[in-house]
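Before any comments, here is the structure.
The values are calculated or read from the model by the stated rules, or taken from the named source; none is laboratory data. These numbers come from a predicted model, not from an experiment. Glycine also receives a Cβ, built like all others from the backbone with ideal geometry; neighbour counts cover every protein chain displayed. To get the accessible areas, we keep the full protein, side chains included, count just its heavy atoms, and leave off ligands, DNA and RNA. Shrake-Rupley method; radii C 1.70, N 1.55, O 1.52, S 1.80 Å.
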Amino acid sequence: MKDNEKITIEIVLQNPEEDKEPQVERFSVPFEKGMRVLDAVIYVQENFRPDLAYRWNCGEGICGSCAAEVNDRAVLMCKHEMTPDMKIVRIAPMNVFPVIKDLVVDISEVYKKVLSFKPHFISPQKATREFWTMHEEQTKEAASLRTCIDCMICYDTCHVLRNHENKNFIGPRNIVKLIGIDKHPKNTFEHAPLLEKGDIWSCNVTRCCTASCPQNIKITEDSIIYAKERIMSEKMWKPIKLLFSKDKK
Amino acid sequence: MSRNDLETITTDILIVGAGGAGLRAAIAAADAGMTIIVAGKSMLGKCHTVMAEGGINASLGNIDPQDNWKVHAADTIREGQFLNDPRMVEILAKEATDIIWELESWGCLFDRTPEGKIMQRAFGGHTFRRTCHIGDHTGLEIMQTLMAEVRRRERITTMDEVIMTKLLTTATAVAGAIGLNLRTGNAYVIKSKAIILATGGCGRVYRVSTNPLETIGDGCFLAYHAGAELMDMEMVQFHPTGMLHPKTAEGILVTESVRGEGGILLNGLGERFMKNYDPIRMELSTRDVVSRAIFTEIREGRGTAHNRQGGVWLDITHKGKAFIEKKLPKMVKQFKDFASVDITKEKMEVAPTAHYTMGGVRGHAETGATSVTGLYAVGEIAAGVHGANRLGGNSLTDILVFGRRAGRAAAAYAKRTTHAHLPQKQIAKELRRLFEPFTRKKGARPHVLREKIQDLMWKHAGIFRTQKGLTAALKQLQQLRKQTMQVQGSRRYNPEWATYLDVNCMLLTCNAIIRSALERRESRGAHAREDYPNKDDNHWLMNIILFKDRNGMQLKRMPVPPSTLELARVSEEAPNERQ
Ligand SMILES: Cc1cc2nc3c(=O)[nH]c(=O)nc-3n(C[C@H](O)[C@H](O)[C@H](O)COP(=O)(O)OP(=O)(O)OC[C@H]3O[C@@H](n4cnc5c(N)ncnc54)[C@H](O)[C@@H]3O)c2cc1C
Ligand code: SF4
Ligand code: SF4
Ligand code: FES
């Protein structure tokens, strides 16, 4: 396909105030080599649908605002290429979230779920006003988890949430956040053992979340499996610890 | 909308802007016992600050033990070409260390040295290595740290996707502000005792910019119309090479190391044009020479095809795949991810890109207090600390050091004051302005005006400037201002409506930039006048200040505040090894 030939895209539109059901509309957009899905959406908004709702800000994959589903897969629209061999490009809002309008969704449930865990870094050394000594071998694992940009793509991808298997599941993004704190070398309060309350066992380790993450975070290995192991070892060791500790609480 | 269904929310302090500056101010003010609302145009954590890559400066001396705050201050003033407010620079350099400690104690994980201390990298213009960093995503980790601190403080309420469009004032002080909730399309009134502006810079008033979509200088618009002063608006930092295509990637930085590793610049005709500008150093000439050369090629019609007025080619393919992948992995990935260009086989399309706004709202050095009682300005929107040019890595320090100070000062003020009465006339007038464009049957489309403004700024008020170009730009801007705009469709989450509001801000911000650029008849720092190519210390150790009176925008010059003797001495003495 050459530049300026037309490519057809479909956008799933809905204003919940007015429409009961989402509508699918087709638009014809001039193709340019290298264009991103977001370029096509901007083109449609500027030329055909002034009030088409979508989010973007940075255009370089770091703010995490522009996630939407392209041909049923959640991606960052600013990063996802429109290739000429894509037969139909169908752009829809992320499926697990309530729609505010068109491609804009309400992601607040993700934050609500995690806030009850008080996801705070806690360290008693705070009072000393001295810098810490930490080595990169210690910080490495936490560091990679902490590159999460809150795009919510993994949350939308996970079948447990997507297929309504268990809406209470805290979701991969939140596990990444909590373990990102837990793995901080100076953190003294562990969130992992609490994660049973977030229904972590609903996750059957399909690794789809890891495959979807635009930051290439090893969500399953580095956070979910780690958390499950922590829960198990806590369970095994707790009775033994209690037995041997002097001040039994 | 009638005034009856206008929701009014009351708080002690309203913070406009949820970037690093706004969040740090919120934390400080909350810790002083105040209730706070922090409003952002985008969602929490999606602002400009998350994009910061390189790092944050503090003279910890972890790598170069000779470093101290005085050398940091001296470097900052030298790079700022002595236009900085010396007291602000002193505060910045002195409090930087404490800011880093604070971040670390909140769990921010900086990269480490082999001994386990915070790693510090070299950055252009710094005498010593003092830039602390977290990979190439320093801003992201800092924002995540601040967001966690904000969320654990119950006194802070954050509001996502709310555009504050007008500050409400009484004859003596601020009373609150009007905001538009993008998600519902409804307006709010927020009643507050003090307001902190932390809206970030205005890089996006230029066609090509590293800044995110939302960064168009709202703070200037809000402050100016509330009666505060703007300063140093002519000082906008450009980078010689940014990406150009596709549109969403437009402006993303292309590092200088591409040229350093042997990349050559070609115009649209395939000529290696640097031979006409600097035949000896060619592509490795200084930043400003390269920027101007690229810009001249584009302006004179020898540019490439993309993006309205085009750019030039940057080509490194002759170095071979293995070399490029080894030396420039980040660029290989960036062009692949955002433009599907394989830079080992294809040329890159680049153009100069607007990066940072040194100017902005004028505030008190210690607190950020503006000339309007109860109104504070902090972060990239505040003027003064960077002078005529900003040192890399100083901005993140700036937003946190002064964010904390403004938060404390606003809290102290709010404690000893009461809520003012809301000025009903101002509210009615603002609501009319907000909803009017929906009632128009015809009018200009806001995004069309936005592009026109961006193009004219880029052409005439960008990388280099002339009397003639600036005057022409001013005229064009005045014509654009006369056009009425129309907004179509529903009020709920309507991006065109947001653009309409942005365009109104841009018209004011650009007017301020052009007026100041016309006034400064010399070249200094980021401000390059072709018709006045030299620096003129005899006449221009002055800040240009803009303010509003009955006859419109007025301009005055003020001598740069005197430096403390000690600082003046260090800035002259400081060695300059690592330029
Ligand atoms: C690519 C890139 C790399 C950078 N790298 C570095 C670096 O390495 N080191 C460094 O020191 N600096 C760097 N900078 C600069 C630095 O990131 C910014 O100067 C800094 O983050 C500005 O922070 P801020 O809090 O003032 O504003 P911002 O982070 O821009 O936040 C502004 C906030 O105000 C809100 N807002 C604006 N208008 C309104 C309104 N009308 N109503 C409500 N809310 C509003 C926005 O939504 C946003 O939340 C870089 C910048 C870029 C673009
Ligand atoms: S690994 Fe677990 S969290 Fe990830 S997608 Fe599969 S079920 Fe969901
Ligand atoms: S873990 Fe990855 S996919 Fe999930 S929210 Fe974070 S960045 Fe997005
Ligand atoms: S626009 Fe920021 S991640 Fe896509």
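Results, tabulated for the structure shown:
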item	result
Whichever residue in region A:40-51 is hydrophobic (A, V, I, L, M, F, W, C) and more than 7 Å from chain B (Cβ to nearest Cβ) and, among such residues, is nearest to ligand 3 (Cβ to nearest atom)	A:41
Filter result (among the β-branched types (Val, Ile, Thr) and in contact with a helix residue (DSSP H, G or I) (Cβ under 7 Å, 6 or more places away or on another chain)) within region A:90-109	A:91, A:96
Residue A:157 being over 18 Å from the mean Cα position of the chain (by Cα) and polar (S, T, N, Q)	no
Region B:232-259: number of residues that are basic (Lys, Arg) and away from chain A (no Cβ under 14 Å)	1
Subset of region A:41-60 (residues that are touching a Pro at 6+ places or on another chain (Cβ under 8 Å) and of a type in the set (A, V, I, L, M, F, W, C))	A:52, A:53, A:58
Residue satisfying condition, being without any contact (Cβ under 8 Å) to a residue 60 or more places away in the chain and either open to solvent by less than 50 Å² (accessible area, probe 1.4 Å) or in contact with a helix residue (DSSP H, G or I) (Cβ under 7 Å, 6 or more places away or on another chain) (or both), within set B:465, B:450, B:440, B:432	B:450
Matching residues, region B:252-275, being among the β-branched types (Val, Ile, Thr) and modelled with pLDDT of 90 or more	B:252, B:254, B:258, B:264
Options B:118, B:142; residue that is at the interface with chain A (Cβ under 7 Å from one of its Cβ atoms), crowded, with 20+ Cβ neighbours inside 10 Å, among the β-branched types (Val, Ile, Thr) and within 27 Å of residue B:18 (Cβ to Cβ)	B:118
Any hit, region A:212-222, residues being within 11 Å of ligand 3 (Cβ to nearest atom), within 14 Å of chain B (Cβ to nearest Cβ) and assigned to a helix (DSSP H, G or I)	no
Search result, residues across region B:271-300 that are free of Cβ contacts under 8 Å to residues at least 24 places away in the same chain and open to solvent by 40 Å² or more (accessible area, probe 1.4 Å)	B:272, B:275, B:276, B:277, B:279, B:280, B:281, B:286, B:289, B:300
Residue list for region A:126-162, restricted to those being within 8 Å of chain B (Cβ to nearest Cβ), part of a helix (DSSP H, G or I) and either touching a Lys or Arg at 6+ places or on another chain (Cβ under 7 Å) or within 16 Å of ligand 1 (Cβ to nearest atom) (or both)	A:136, A:139, A:142
Lone qualifier among A:200, A:181, A:153 - being of a type in the set (Val, Ile, Thr) and more than 16 Å from ligand 2 (Cβ to nearest atom)	A:181
Test: residue in region A:228-245 that is open to solvent by less than 30 Å² (accessible area, probe 1.4 Å), within 20 Å of the chain's Cα centre (by Cα) and under 30 Å from residue A:68 (Cβ atoms)	no
One residue from A:103, A:145 being within 16 Å of ligand 2 (Cβ to nearest atom) and at pLDDT 95 or above	A:145
Condition check for residue B:261: among the acidic types (Asp, Glu) and more than 23 Å from residue B:40 (Cα to Cα)	yes
Residue tally, condition within 12 Å of chain A (Cβ to nearest Cβ) and surrounded by fewer than 18 Cβ atoms within 10 Å (Cβ to Cβ), over region B:121-139	2
Unmet criterion (only one of (1) within 15 Å of ligand 1 (Cβ to nearest atom); (2) assigned to a loop (DSSP other than H, G, I, E, B)) for residue B:61	(1)
Selection within region A:141-157 - open to solvent by less than 20 Å² (accessible area, probe 1.4 Å) and more than 9 Å from ligand 3 (Cβ to nearest atom)	A:142
Residue tally, condition more than 26 Å from residue B:144 (Cα to Cα), in contact with a Pro (Cβ under 9 Å, 6 or more places away or on another chain) and away from chain B (no Cβ under 13 Å), over region A:84-125	1
Failed criterion for residue A:207 (all others in (1) in contact with a helix residue (DSSP H, G or I) (Cβ under 8 Å, 6 or more places away or on another chain); (2) away from chain B (no Cβ under 14 Å); (3) more than 11 Å from ligand 2 (Cβ to nearest atom) hold)	(3)
Residues that are assigned to a strand (DSSP E or B) and within 21 Å of the chain's Cα centre (by Cα), drawn from region B:108-163	B:131, B:132, B:162, B:163
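Each row is one residue, and each column tells you yes or no for (1) within 14 Å of chain A (Cβ to nearest Cβ); (2) under 11 Å from the mean Cα position of the chain (by Cα); (3) within 16 Å of ligand 4 (Cβ to nearest atom); (4) touching a residue at least 12 places away in the same chain (Cβ under 8 Å).
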position	(1), (2), (3), (4)
B:177	no, no, no, yes
B:181	yes, no, no, yes
B:194	no, no, no, yes
B:200	yes, yes, yes, yes
B:203	yes, yes, yes, yes
B:212	yes, yes, yes, yes
B:219	no, yes, no, yes
B:225	no, no, no, yes
B:230	no, no, no, yes
